[in-house]
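Novice: There's a structure below that I have some questions on.
Computed from the coordinates by the stated procedures, all read-outs in this text should not be read as laboratory data. As the structure is a computational prediction, the values presented were derived from the model and not from experiment. Cβ: placed from backbone, ideal geometry, glycine included. Neighbour counts: every protein chain shown.
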Amino acid sequence: MTHSGIPVYKKKTYNKPLELQNQSKRHQLVIVGAGPIGLAAALDMALKGYDVLVLTAFEFISAGSKGICYSKQTLDYFDRLGIGERVVEKGVIWNVGKVFSGVQKDPIYQFDMLPIKDQKNPGFVNTQQYHVEDYLCDALENMPNVDIRWGHSLSGLKTKQNGCQLQVSTKDGDYTLETEYLIACDGARSVVRTLMNLTFEGKVFEDNFLIADVKFKQKRPSERWFWFDPPFNPDKSALLHKQPDDVWRLDFQLGWDIDKAEAIKPKNVDPLIKGMLGDDIEYEEEWYSVYTFQCARMQRFIHGRVIFAGDSAHLVSPFGARGANGGFADADNLCWKLDLVLQNNAPEILLESYNQERVMGADENILNSTRSTDFITPKDPFSQSLRDAVLELSLDTDFAPAFINSGRLSMPTPYLGSVLSTEDRDIFHAGPAPGHPCIDAPIQSDNIWLLSSLGGEFMLLHFGQDAPQSQLKTLIFPTDGLAAVRYGADEGTSYLIRPDQVVAARWKSASFQDIEQALNKAMGKG
Amino acid sequence: MTSLITQTNIKNPDDIYQKLIDLHKGLTPEQSQKVNAKLILLLTNHIGDINVIQQAIALAKPR
Ligand SMILES: Cc1cc2nc3c(=O)[nH]c(=O)nc-3n(C[C@H](O)[C@H](O)[C@H](O)COP(=O)(O)OP(=O)(O)OC[C@H]3O[C@@H](n4cnc5c(N)ncnc54)[C@H](O)[C@@H]3O)c2cc1C
């Protein structure tokens, strides 16, 4: 089933707004967009107890080809949102990526996405984006404090000192809403951004990619395979990746001057698929589409009471799976801060650290995805020679494969120099420094994990006896386990952990004052 | 920080110069460019120090 050219995964119910009968109230929080990021932010805030209103244009979850790779950091966030295990169970777990070049049968390079083993979540899980959206919706639809309005489009916006007024369009007419805060998760072509006249700058990569999602039953390993210059797509690249339900993502670089409508015709897609998988492959089309990619971001992600998250704020090419993963990191970073501010437990300036930290995240994602794109589609003769030189040298030397960039897959961005962090006073030889995400470790033999025990509030992680006095919930670990090794901990070491499981401060020996001071700083009161 | 050596550091400049020229004999400009790229990568990896490489890049840039 399709709807104005968009394939439908699941129909949702449109409801006529009560506001059309003049029943309007002021909201604390409205989210625009029920894509993955808007839904995650909605669930996060709803779990924190807020009434959440989500406005979203379509009346369905789309089945189009979008994100498929979800990173460990995203899965850790999903665990806190309560959908992690469902996503991992549905998904295809993979850790190995292989890179092929030319007619060469063996990979010229191979990588492992989870170099540190013994963590709860795998390096990556692949699943269709609609499954993630569906699971988020299931969780949200069970909550009485959530109102997702399918078929309600934001069409006007007036910003005010203490909130904004929204105009919403439905098939039954327009209405207005007042809200204290607005989170704009309305995607790459954000209407909120346009209505506010905000710029979105970056560069477009002059290339087209055919995304062919197909279904077949051939047995193949759950690995990411990437080709440079394969015989079935000479001088260009290709990618093969597994999704659940026997669906595979095939991605073929097409070049710049092409006819997009022609490119997705089965008679033109078929030779590429057979070239990659063999002439005897029997497959069914799920969805074919052609994409061009760009990297861009807003200058700031916060404008008064309007906060941008996900593709509305930043856009990357998909090599590296940094789009949705970067957006989930936005939601994770934002929601605990917004919670503290709405509760009056922290000053509004705390939100500014969302801007600082997530701009850092977006820049890192844009840098990495630009570099990957430059390697995959060299844009001048010298870039081409350098790229080919790397591929050829990879057959003869051990060092060259490190230069092969078929997408540096999404890793959490450390918030170096964040205003919320307290820099190290003591010397650490290992462990996550302030601004870095916590590392997972098994804490008992029976499947209990460090990250799962942290939950989503400020906490103290202490190693050894005599935990320092503090108002915080404290988790105590022995000094001889894997956790102690991973945190570079001795007897008396403490870590202050933020609700998004980022390290705020750490000490070899902390006093009550040390902790109070660092906690204040991490809450924007420093 | 290690500095890029800009004083003479080789005993036989003429030999090395000739080897570089010989390497490109009979190559198309395209092949030449790839050979140069390989050479740069091999030497860059040998040097290994990004500071030294950055200094070389700065010196090599057209003015
Ligand atoms: C081919 C491809 C492969 C990708 N692979 C990956 C991957 O492997 N991993 C990864 O992390 N990312 C990947 N991405 C990127 C990922 O799909 C996006 O980053 C992600 O969808 C962004 O989510 P979002 O919620 O910010 O925006 P969107 O998903 O675009 O959602 C925006 C929502 O807002 C709604 N909306 C828009 N305007 C209005 C309005 N005026 N009023 C109300 N609602 C509105 C839309 O209907 C939509 O529901 C890929 C993308 C593509 C195209």
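Novice: 5 Å is the cut-off here: which amide hydrogens, built 1.01 Å from N in the peptide plane, fall below it relative to A:ARG149, excluding neighbours closer than 5 in sequence?
Specialist: A:VAL54, A:LEU55, A:THR56
Novice: Name the residues of segment A:31-45 whose amide N is less than 18 Å from a point 7 angstrom out from the Cα of A:ASN142 along the C-beta direction?
Specialist: Taking a point 7 Å out along Cα→Cβ of A:ASN142, the residues of segment A:31-45 whose backbone N falls under 18 Å are A:39-45.
Novice: Next question. Go through A:LYS274/B:LYS38; A:LYS12/A:LYS215; A:LYS66/A:LYS521 and tell me which ones have a Cα-Cα distance over 28 Å in this structure.
Specialist: On the way: A:LYS274/B:LYS38 34 Å; A:LYS12/A:LYS215 26 Å; A:LYS66/A:LYS521 39 Å.
The answer is A:LYS274/B:LYS38; A:LYS66/A:LYS521.
Novice: Given that compact globular proteins tend to follow 2.2 N^0.38 Å, what is the ratio of the alpha-carbon Rg of the protein assembly as shown to that value? Intermediate values should be presented prior to the final figure.
Specialist: Working: Rg = 26.3 Å, N = 589, 2.2 N^0.38 = 24.8 Å.
Against the compact-globule rule of thumb, the ratio is 1.06.
Novice: Looking at segment A:83-150, I'd like the Rg to Rh ratio, where Rg is from alpha-carbon atoms and Rh is Kirkwood's inverse mean 1/r.
Specialist: Details: Rg = 17.8 Å, Rh = 15.0 Å.
Ratio value, two decimals: 1.19.
Novice: Follow-up. Could you state the number of Å between the C-alpha centres of segment A:339-360 and segment A:491-516?
Specialist: Here the two parts' Cα centres lie 20 Å apart.
Novice: Kirkwood Rh, segment A:104-190, all Cα pairs: how many Å? Walk me through the intermediate numbers first.
Specialist: Numbers: mean 1/r = 0.0563 Å⁻¹.
Result for segment A:104-190 stands at 17.8 Å.
Novice: Across peptide B:30-36, how many C-beta atoms of other chains are within 10 Å of each residue C-beta, on average?
Specialist: Working: counts 4, 1, 1, 7, 9, 3, 4.
Neighbouring Cβ atoms belonging to other protein chains average 4 per residue here.
Novice: OK, next. Sort B:50-56, A:35-41, A:221-227 for me by packing, meaning the mean count of neighbouring Cβ atoms within 10 Å per residue, highest on top.
Specialist: Working: B:50-56: 14.1, A:35-41: 28.7, A:221-227: 18.7.
Ranking the peptides B:50-56, A:35-41, A:221-227 by packing returns A:35-41, A:221-227, B:50-56.
Novice: A further question on this structure: Set the Förster radius R0 to 41 Å, insert the Cβ-Cβ distance between A:ASP374 and A:ARG425 as r into 1/(1 + (r/R0)^6), and round the FRET efficiency to 0.05. Display every interim value, and only then the final one.
Specialist: Numbers: r = 41 Å, r/R0 = 0.99.
Taking R0 as 41 Å, the efficiency between A:ASP374 and A:ARG425 is 0.50.
Novice: Please list, in chain and number order, the residues 5+ apart from A:ASN208 or on another chain whose amide H is under 5 Å from its amide H, with Hs placed from the backbone.
Specialist: So A:ASN208 has HN proximity to A:LEU254, A:GLY255, A:TRP256.
Novice: Mind checking the mean number of beta-carbon atoms from other chains within 10 Å of the Cβ atoms in A:397-404? Walk me through the intermediate numbers first.
Specialist: On the way: counts 4, 1, 6, 4, 0, 1, 3, 0.
Counting Cβ atoms of other protein chains within 10 Å of each residue's Cβ and averaging gives 2.
Novice: Kindly identify segment A:1-83 as rounded, prolate or oblate by the Cα gyration tensor criterion: order the square roots of the eigenvalues as a ≥ b ≥ c, call it rounded if a/c is under 1.5, otherwise compare a/b with b/c, prolate if a/b is larger, else oblate.
Specialist: Values: a/c = 3.02, a/b = 1.14, b/c = 2.65.
Oblate, since a/c reaches 1.5 and b/c is not below a/b.
Novice: Next question, about the same structure. Using only C-alpha atoms and all pairs of different ones, pull out the Kirkwood radius for segment A:1-143 in Å with one decimal. All intermediate terms of the calculation are to be shown ahead of the outcome.
Specialist: On the way: mean 1/r = 0.0568 Å⁻¹.
By the Kirkwood definition, the hydrodynamic radius is 17.6 Å.
Novice: Next up: Sorted by mean Cβ packing within 10 Å, highest first, what order do the peptides A:325-335, A:407-417 take? Before the final figure, lay out each step's value.
Specialist: On the way: A:325-335: 27.9, A:407-417: 20.4.
The densest-packed peptide leads the list: A:325-335, A:407-417.
Novice: How long are the semi-axes of the equivalent ellipsoid of segment A:438-526, taking √(5λ) for every eigenvalue λ of the Cα gyration tensor, in whole Å from largest down?
Specialist: On the way: eigenvalues 87, 44, 20 Å².
Output for segment A:438-526: semi-axes of 21, 15, 10 Å.
Novice: Residues of A:388-396, mean number of Cβ from any other protein chain within 10 Å of their own Cβ, rounded to a whole number?
Specialist: Values: counts 5, 10, 3, 0, 5, 5, 0, 0, 2.
The per-residue average across the peptide is 3.
Novice: Another one. Considering the alpha-carbon set of segment A:127-172 alone, what are its Rg and its Dmax in angstrom?
Specialist: Just the Cα atoms of segment A:127-172 yield Rg and Dmax of 14.6, 41 Å.
Novice: Hey, if you drop one equal point scatterer on each alpha-carbon of chain B and run the Debye formula without solvent, what base-10 log of I(q)/I(0) do you get at q = 0.29 Å⁻¹?
Specialist: -1.21
Novice: Diagonalise the Cα gyration tensor of segment A:310-413 and give the resulting equivalent ellipsoid semi-axes, square root of 5 times each eigenvalue, largest first, whole Å. Could the numbers behind the result be given before it?
Specialist: Working: eigenvalues 295, 30, 18 Å².
That gives 38, 12, 10 Å for the three semi-axes.
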